[in-house]
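The values are calculated or read from the model by the stated rules, or taken from the named source; none is laboratory data. Nothing here was measured: the structure is a model prediction, and the numbers come from that model. In this analysis, Cβ positions are derived from the backbone assuming ideal geometry, glycine residues included, and neighbour counts consider all displayed protein chains. Accessible surface areas use protein heavy atoms only, side chains included; no ligands, DNA or RNA. Shrake-Rupley method; radii C 1.70, N 1.55, O 1.52, S 1.80 Å.
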Amino acid sequence: MTALLALVAAVFYGSTDFLGGFISKRAPAVSVAVMSQVAGLPMLALLLFVVPTDGATFAEVGWGAAGGLFGGLGVVALYAGHAGGQMAVVAPLAGLIGAGLPVVYSLLTGEWPQAITLIGIALALVAIPGLASGAEKGGGGGSLSAVSLAVVAGSAFGLFFIFYSFTAEGSGMWPLLGARVVSVPTLYLIARQWQASLRFRGRTRNMVVVTGVLDMAANALMLLALQRGPLAMAATLISLYPGFTVVLARLVLRERLSALQRASVALALVAIVLITVP
């Protein structure tokens, strides 16, 4: 169940990444991030009452708030990197760091998966950089700015996963409420400081709403996966999201997959099989 939840979360995160990066080419990344999070609030309200819960402790809501803060900052860094035409650097490096930090944390804290699962995790970590390689090569992909954004985004996502893994299964979706209570005002203040417009119209506004709904669905599935299974497994599978971003770019924008991308997709499929073997 953990693997399935994590993989579906990766699909939604990949879709959110694609839409958010696309919108951020015509609007400030922080504006897209904050308004998409606001757009996801009605869905969060529904999830709070639909998903069973035994009651969340103050600590669990606090861990959710910490995760939401870092997750929001990571999204801004990711969208900003995509908007600069640097996806070829930002997405794979952020994905690798985002998956690597939870794996290292798990191993240091004594959470050792079975040997076949470890092999699958290792293959997935190798596949992640290649999944988004070549997705966009414009805009000075190897610049210090792109690498810095990738490190910030990846580190934020890694902490995002770790913090959410501290919440119990019975806490339901309440940690996500803590996340939004912190992340939305923080991103709003950043947007105001940067004098970024929060107004979206027409098709762009609709895309922001869809992005917000997909993001909330991804977060809910991510939380369920982290609450029910090993951190290293869940975080690694979720961090395969660049592969789904690449698939969408292929289907929607007709972008061609490079040989490295095709090989990485195949490697990721093998990794998924090994990680999910009972």
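Details
- The stretch between Ala259 and Val126, if pulled fully straight at 0.36 nm per residue, gains 46.4 nm over its current Cα-Cα span.
- Residues Glu60, Glu111, ordered by accessible area of protein heavy atoms at a 1.4 angstrom probe radius and largest first, appear as Glu111, Glu60.
- Gyration tensor verdict on the chain (Cα atoms; rounded if a/c is under 1.5, prolate if a/b is larger than b/c, oblate otherwise): oblate
- The range 183-196 - phi-based ³J(HN,Hα) in whole Hz, Karplus 6.51/-1.76/1.60, Gly and Pro as x: 5, 4, x, 5, 5, 5, 5, 5, 4, 5, 4, 8, 6, 8
- Overall, the chain carries a charge dipole of about 1060 debye about its Cα centre when +1 sits on the Cβ of Lys and Arg and -1 on the Cβ of Asp and Glu, all other atoms neutral.
- Highest-MSF residue in the chain out of Pro129, Pro52, Pro242 [GNM, Cα springs under 10 Å]: Pro52
- For the chain, built as a Gaussian network whose Cα springs stay under 10 Å, the top-fluctuating residue of Leu189, Leu214, Leu73: Leu189
- Each part reduced to its alpha carbon centroid, the range 211-236 and the range 1-64 end up 9 Å apart.
- Using a probe radius of 1.4 angstrom, the carbon and sulfur fraction of the accessible surface of the chain is 71%.
- Modelled label reach - Ala168, point 7 Å along Cα→Cβ, the range 215-242 residues with backbone N closer than 20 Å: 223-231
- Over the chain: helical MRE at 222 nm, DSSP H runs n ≥ 4 each giving -39500 (n - 2.57), nearest 500: -26000 deg cm²/dmol
- Student exercise, the range 183-278 dipole from Lys, Arg, Asp, Glu Cβ charges, in Debye to nearest 20: 440 debye
- ³J(HN,Hα) computed for each position of the range 213-220 - Karplus, 6.51 cos²θ - 1.76 cosθ + 1.60, integer Hz, glycine/proline x: 5, 5, 5, 5, 4, 4, 5, 5
- Shown in residue order for the range 5-11 are the 3J(HN,Hα) couplings computed by the Karplus curve 6.51 cos²θ - 1.76 cosθ + 1.60 at θ = phi - 60°: 4, 5, 5, 5, 4, 4, 4 Hz (x for Gly and Pro).
- Average accessible area per residue (Å²) across the chain - probe 1.4 Å, nucleic acids and ligands excluded: 43 Å²
- Shape of the range 14-56, Cα gyration tensor, a/c cut at 1.5: prolate
- Tensor-based shape of the range 1-86 (alpha-carbon gyration tensor, a/c under 1.5 rounded, otherwise prolate or oblate): prolate
- The GNM of the chain, with springs linking C-alpha atoms under 10 angstrom apart, assigns the highest mean-square fluctuation among Val38, Val208, Val51 to Val51.
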